Amino acid sequence: MAACGVLAMFSAHWGYLSAYALFKPLTMVLALVCVGVVAGRSPLKTSMYLLLAGLALSMVGDVCLLLPQGFIAGLVAFLLAHICYIALFQRDAPWLASRLSLAACIAVGTMIYAYLWTHGLPTAMRIPVAVYVLVIGLMAAQALGRATVLRTAAARTVAWGAVSFMASDTVLALDKFVQPIAGVYLWVLGTYYLAQCLILHGMLQNLRATSLKQ
């Protein structure tokens, strides 16, 4: 999965669009395969389904963003993916367990949104982007709060993945709505695939450990 993500990242950066169109969704297909290998041995079916849904919706978002007019559809797909991740992270930890993490994520999200608002965010996109920023902020806050409760390496891995997801979407938004960023595909896809790999790896570690206990 990681190797395929690197191929997607550099094919986009170097302008090999056909290769990019292949490797971008293929990376998430491989992520789904990773979960499928473990899913049959895990008793935590709901958690597996939520993880699969989050990855599948991310893949749909990836495909939509390849299309000329697919930004809104991609935004919706990733919004739903984050909702799946929120539900997943809440299954073994209280809702927004860390008020400090919540405050930090909301503060960062507010600053990013304010910057976008004052630097070119189209009027028609203000509400959709606001909703998206709120949801991804809650996703990151839930992941960070979960890490403070579980205190495991796997939970911290997932939390870092959530933070990396926020970083990826921030760069993407700045490039799209404010001004082009040099090497944007390297930054956006690098942090995006890092995020998905960390979330996947951390959750599979957690699910394997729980399966062994049961």
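The values are calculated or read from the model by the stated rules, or taken from the named source; none is laboratory data. As the structure is a prediction and not an experimental result, all values here were calculated from the model. A quick note on method: Cβ atoms are made from the backbone with ideal geometry, for glycine too, and the neighbour counts reach across all protein chains shown. Surface accessibility is based on the protein's heavy atoms, side chains included, excluding ligands, DNA and RNA. Shrake-Rupley method; radii C 1.70, N 1.55, O 1.52, S 1.80 Å.
Details
- Candidate residues Val129, Val60: accessible-area rank, largest first, probe 1.4 Å: Val60, Val129
- Taking all protein chains as shown and a probe of 1.4 angstrom, Thr152 keeps an accessible surface of around 60 Å².
- Over segment 1-138, equivalent-ellipsoid semi-axes from the Cα gyration tensor in Å: 26, 25, 12
- With protein chains left intact and a 1.4 Å probe, residues in the chain average 48 Å² of accessible area per residue.
- Rounded to the nearest 10 Å², the accessible area of Val188 at probe 1.4 Å: 20
- Descending Cα extents along the principal axes, segment 72-214, whole Å: 52, 30, 24
- Cα centroid separation, segment 80-150 to segment 179-198 (Å): 18
- The sum of -39500 (n - 2.57) across all DSSP H runs of n ≥ 4, divided by the residue count of the chain, sets its helix-only mean residue ellipticity at 222 nm to -28500 deg cm²/dmol.
- 11 Å cut-off, amide nitrogen to a point 7 angstrom out along Leu100 Cα→Cβ, residues in segment 141-178: 148
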